[in-house]
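Here the structure is laid out as structure tokens; the discussion comes afterwards.
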Amino acid sequence: MELFDLDIFNTLDNNCKEDNYVAIATMRSNNQYYHSALIINFLGEKYEYHFDKEGIKFDKVCNIYLYKILNVIDKRLTPSFYVHCKRIKDTSNPKYGYFYSGEYYDKNGKHFSENPIGEHMTCVGFCINVLKGFIGKEYIDYKDWDIDTHNVKDYLENFAKVNKFKISDILKSHRRITPLELFTSSYFISLPITKYNIDSKVDDVSIHLDNIPL
Amino acid sequence: MSKDKIEIKLSQVNNKNVDLTNMSIEALESFLLVTNSLKEIVQSVTSKATYSIKKGSCVATAYAPPPQMQIVHSKINDGIEGKSKDKLVTDNLRIIQDELKKPGYSYKMWNNSTQIDERIRTANRITKSRSRKKYKTKIEIMSGVFNQIGGNTPNYHFDFGDNKKATIGCDTKDVSILKDYLYKTIYCLVSKQITIGNPNESLNRHIAFLEKNEVDELSNTITQLDSVTNLIERLEFLYAYIDNSKNKIRDVLVLTRLFNNNLYDVNELKTVLVISDGFAQKNETIKHYRNELKLTFEKMMSKV
């Protein structure tokens, strides 16, 4: 279990000596992991790639993240992943919401969706979409998470009202995969990663993350 | 005449001493393998060698005059460093390497008095170094009267007049389209593989049939793709090519066939796979060529 420490790096120091990789990153505040991002280390530069209420951001790292290198993306493919991310930023326009309906971005950055709610997602959903579009198959078994994972009173009703959706159309997409859960997924290589996989490691990951001073 | 030597010794297997008069079957098999491989390597260099197997531990030694043994040492050194083009040496050295690395087997090996077993153990898996032939790819639009289809590997022939001809490799799907164009002028996008240093040596691979009115526009695009060397720019070009395409199905097909070539960077193949994924789900022909591209990609990725 101690081995987890060795795999988690932070963007404040230069301890990670690897070059060319994609990593899952998380932002922490008061031991809450409230945001997910992808970090791309390429040609000696570190980039942060993420989505929040203001839109998609792709810059040289300017925030403090804890991150772990993803093993499901071969290091040799970092260049094509970098361009894939750039494409999505240039050509797509997701909206924020606590939904994930198994969509992904295809070659035009076009949101490939069978479901109008598909364009709504969180920072976590965005990362999953980007990964899935590149890997070519499901990264996470998102259906393992259901409406109980986002039990915020009246959220669904209010969202439907404001955005003019019918609740019945969006109910099955209503879910929340947390940044901590996404971070934990980086310890698995067999896809799709299930909630069972993540539940088995998330507490340990949380403890190790909490213990890293920033 | 003084002799130089190469020697290999097996002293223990699984913490038990081995001796020529008392060996387990595993120890014997292993020792026979390394002795035979040692002999093969030495024999390939010189017929002036003599051999000895000593009792008290298991020691196999080959002796030869210094000039010849120097060559043996040097070939073994090349093999360890991954520079050897000699298949016999590398095949046999790899056998020795496998035995030296066997857990529980205490082997030592010497070139004269220099111990080399640890170097062999820690070296990369010993294999023949790849041929030095280098190739480059070029995309061309060719046109002419095509006058022949056939061959054991499907191909067709162009006749440009003036006794200038070209053979283009294709597949059976192409041949069934080609049949209708026999003796007519056709325009084709072709991927050429040119041997660097030998410009007359080139292999042509059919990518797509073109209409006459497509040729000029495509010509520009092609020259661009061939001239951009920066990898990121090339990848962005691939996306832009499909974005700007007036015939996306045909152009995605072009990319899936063109990049099915291990001379391209693996990132280019991956990008084409990403681009073509959605299209392949709706078009059987793209699906077919995309699967072939995927196989080439996976093969390239599996080579460390």
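The values are calculated or read from the model by the stated rules, or taken from the named source; none is laboratory data. All values reported here derive from a predicted model rather than from experimental measurement. Here Cβ is always computed from backbone atoms with ideal geometry, including for glycine, and neighbour counts include all displayed protein chains. These accessible areas exclude ligands, DNA and RNA; they are computed on the full protein's heavy atoms, side chains included. Shrake-Rupley method; radii C 1.70, N 1.55, O 1.52, S 1.80 Å.
Looking at the range B:177-191, can you tell me whether even one residue there is open to solvent by 100 Å² or more (accessible area, probe 1.4 Å) and part of a helix (DSSP H, G or I)? It would help to see each step written out before you state the result.
To start, the set of residues in the range B:177-191 that are open to solvent by 100 Å² or more (accessible area, probe 1.4 Å) comprises B:179-180, B:183-184.
Among the residues that remain, those that are also part of a helix (DSSP H, G or I) are: B:179-180.
The answer is yes, given that some residue of the range B:177-191 is open to solvent by 100 Å² or more (accessible area, probe 1.4 Å) and part of a helix (DSSP H, G or I).
Under 29 Å from residue A:205 (Cα atoms), more than 11 Å from chain B (Cβ to nearest Cβ) and open to solvent by less than 70 Å² (accessible area, probe 1.4 Å): is that true of residue A:82 in this structure? Break it down into steps so the answer makes sense when it comes.
Numbers: under 29 Å from residue A:205 (Cα atoms): yes; more than 11 Å from chain B (Cβ to nearest Cβ): no; open to solvent by less than 70 Å² (accessible area, probe 1.4 Å): yes.
It is false that residue A:82 is under 29 Å from residue A:205 (Cα atoms), more than 11 Å from chain B (Cβ to nearest Cβ) and open to solvent by less than 70 Å² (accessible area, probe 1.4 Å).
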* List pairs: first in the range B:272-300 and more than 9 Å from every other protein chain (Cβ to nearest Cβ) and without any contact (Cβ under 8 Å) to a residue 40 or more places away in the chain, second not in a helix (DSSP H, G or I) and not polar (S, T, N, Q), Cβ under 7 Å, 6+ apart or cross-chain? -> B:272/B:259; B:293/B:259
* To do: Sort through B:49, B:62 and tell me the only one that's free of Cβ contacts under 8 Å to residues at least 40 places away in the same chain and open to solvent by less than 80 Å² (accessible area, probe 1.4 Å).
  => B:49
* Asked: If a residue has to be polar (S, T, N, Q), open to solvent by 80 Å² or more (accessible area, probe 1.4 Å) and at pLDDT 85 or above to count, how many in the range B:155-176 make the cut?
  -> 1
* Asked: Do you know which residues across the range B:278-288 are closer than 16 Å to residue A:136 by Cβ and in contact with a helix residue (DSSP H, G or I) (Cβ under 7 Å, 6 or more places away or on another chain)?
  -> B:279, B:280, B:286, B:287
* Structure fact -> The one condition residue B:264 fails out of (1) more than 25 Å from the chain's Cα centre (by Cα); (2) more than 9 Å from chain A (Cβ to nearest Cβ); (3) farther than 19 Å from residue B:214 by Cα is (1)
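May I ask you to verify whether residue A:59 is within 12 Å of chain B (Cβ to nearest Cβ), of a type outside the set (Val, Ile, Thr) and without any contact (Cβ under 8 Å) to a residue 40 or more places away in the chain? Steps first, answer last, please.
Details: within 12 Å of chain B (Cβ to nearest Cβ): no; of a type outside the set (Val, Ile, Thr): yes; without any contact (Cβ under 8 Å) to a residue 40 or more places away in the chain: yes.
Spelling it out, it is not the case that residue A:59 is within 12 Å of chain B (Cβ to nearest Cβ), of a type outside the set (Val, Ile, Thr) and without any contact (Cβ under 8 Å) to a residue 40 or more places away in the chain.
Take the residues of the range A:87-124 that are among the charged types (D, E, K, R) and at pLDDT below 80: which is most open to solvent (accessible area, probe 1.4 Å)?
Start the filter on the range A:87-124 by keeping residues that are among the charged types (D, E, K, R), which leaves A:87, A:89-90, A:95, A:103, A:106-107, A:110, A:114, A:119.
Keeping just the survivors that are at pLDDT below 80 gives A:103, A:106-107, A:110, A:114.
Working: A:103: 5, A:106: 29, A:107: 13, A:110: 118, A:114: 169 Å².
Filtering first and then ranking leaves A:114.
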* Which condition number in (1) out of contact with any Pro (no Cβ under 9 Å at 6 or more places or on another chain); (2) facing chain A (nearest Cβ under 9 Å); (3) more than 22 Å from residue B:141 (Cβ to Cβ) is the one that residue B:243 fails? -> (3)
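To keep it simple, each residue is scored yes or no on (1) in contact with a His (Cβ under 9 Å, 6 or more places away or on another chain); (2) at pLDDT 85 or above; (3) among the hydroxyl-bearing types (Ser, Thr, Tyr).
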{"residue": "A:3", "(1), (2), (3)": "no, no, no"}
{"residue": "A:6", "(1), (2), (3)": "no, no, no"}
{"residue": "A:23", "(1), (2), (3)": "no, yes, no"}
{"residue": "A:49", "(1), (2), (3)": "no, yes, yes"}
* For residue A:48, all conditions in the list (1) acidic (Asp, Glu); (2) away from chain B (no Cβ under 13 Å); (3) over 19 Å from residue A:133 (Cβ atoms) hold save one; what is the number of the exception? -> (3)
* Any residue at all in the range B:189-208 that is over 28 Å from the mean Cα position of the chain (by Cα) and not hydroxyl-bearing (Ser, Thr, Tyr)? -> no
* Asked: Looking at the range B:101-117, which of its residues are in contact with a Leu (Cβ under 9 Å, 6 or more places away or on another chain) and open to solvent by 50 Å² or more (accessible area, probe 1.4 Å)?
  -> B:108
* Asked: Going by the structure shown, is residue A:152 farther than 29 Å from residue A:87 by Cα, in contact (Cβ under 8 Å) with a residue 12 or more places away in the chain and either within 14 Å of chain B (Cβ to nearest Cβ) or in a loop (DSSP other than H, G, I, E, B) (or both)?
  -> yes
* **Meets criteria (basic (Lys, Arg), over 19 Å from residue B:173 (Cα atoms) and part of a loop (DSSP other than H, G, I, E, B)) for residue B:246** => yes
* Taking residue B:138, is it part of a strand (DSSP E or B) and under 30 Å from residue B:200 (Cα atoms)? -> yes
* To do: Tell me which residues, restricted to the range A:49-66, are under 12 Å from the mean Cα position of the chain (by Cα) and surrounded by 19 or more Cβ atoms within 10 Å (Cβ to Cβ).
  => A:49, A:50, A:51
* Asked: Quick one: residue A:207 ticks every box in (1) over 22 Å from residue A:95 (Cα atoms); (2) open to solvent by 50 Å² or more (accessible area, probe 1.4 Å); (3) not in a helix (DSSP H, G or I) bar one, so which box is it?
  -> (3)
* Asked: Which of the residues spanning the range B:127-154 are without any contact (Cβ under 8 Å) to a residue 40 or more places away in the chain and buried (at least 17 other Cβ atoms within 10 Å of the Cβ)?
  -> B:149, B:154
